[in-house]
Amino acid sequence: MSKDKIKIRTGSRISAILQSTVTYAQAFTELAKNALQNGASFVDIKLSEGGAVITDDGLGFNHEKDDTGMTGFEKYFVFGNSYDMFDGVGLQLGHMGIGGKIANDKLSDNTDIHWTIETKNKHGKHFLVTYAPKEVEFLDDYEPTVEELKDVSIKTKSGTVITIHNLDTPLVQHGWDLGEIKTSLRNFFGHLARTGETNFDIILNGHS
């Protein structure tokens with residue numbers, strides 16, 4: 001008897017299901033945690049009516065494959081599994097798995113998701129990742145683009161800029177709950193202080 005293999009696929013609804021487990025404020029805490037794990041000394045969050053920009057001075061995304069056979073970009077877009085993307089640099093708060101992607105999706109319009117990651121890595125290479133999937137049934141039917149850039153807009157030695165271009169509808173209608181976001185970030189910073197790690201600056205709309 002011949003045996004056929006069944007391809008296991010990830011349905012696109014998994015992102016919406018996972019987003020339901022976090023709030024908008026928790027999404028920013030997740031992005032701050034990721035920046036810290038990336039070896040950053042700060043994360044700068046700028047919120048406006050039309051979008052959100054999250055900047056850090058971490059090591060960025062490595063374009064070279066490591067001993068897992070994957071680049072930093074490939075690791076970022078694996079749903080479910082967690083990887084150490086930065087060779088143990090930065091405070092270890094649990095390896096990044098789905099956190100960054102789900103945080104970005106949470107802040108985005110779920111009918112028109114569009115976010116980008118601009119990154120400058122430790123090799124001085126500069127890349128732009130564009131994530132703008134349309135209606136797909138399976139996540140692996142869509143492939144984000146990675147473009148190497150010649151013009152470097154990141155002024156720090158290395159770093160990452162995440163830009164949410166299309167905000168989720170409730171954020172457009174009701175605006176940002178800055179109080180809730182501040183509370184979530186302060187709780188996160190309090191956790192860092194208790195663990196002895198305080199050399200990390202969280203900036204929200206210009207205020208540290």
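Throughout, read-outs are computed from the coordinates displayed, never taken from laboratory work. Treat the numbers as computed from the prediction; the structure is a model and nothing was measured. As a convention, Cβ positions derive from the backbone with ideal geometry for all residues, glycine included, and neighbour counts pool all protein chains shown.
Taking label points 7 Å from Cα along the Cα-to-Cβ direction, Thr21 and His114 give a separation of 3.0 nm.
Annotation: for a label point projected 7 angstrom from Cα along Cα→Cβ of Phe79, residues of the stretch 4-42 with backbone N closer than 17 Å are 7-22. For the chain, taking Cα atoms only, Rg and Dmax work out to 17.3, 68 Å respectively.
Packing-based ranking of 126-135, 104-113, 23-32 yields 23-32, 104-113, 126-135, ordered from highest to lowest mean Cβ neighbour count within 10 Å. With both labels modelled 7 Å from their Cα along Cα-to-Cβ, the Ala132 to Lys155 distance reads 2.8 nm. Picking from Ile17, Ile54, Ile117, which is most flexible by a Gaussian network model of the chain using Cα springs under 10 Å? Looking only at Ile17, Ile54, Ile117, the biggest GNM fluctuation is shown by Ile17. What FRET efficiency comes out for the pair Thr145/Ile8, r = Cβ-Cβ distance, R0 = 30 Å, nearest 0.05? It comes to 0.75. Looking only at His123, His63, His165, which one moves most when the chain is put into a Gaussian network model with springs between Cα atoms under 10 Å? Comparing His123, His63, His165 in the GNM, the peak value goes to His123.
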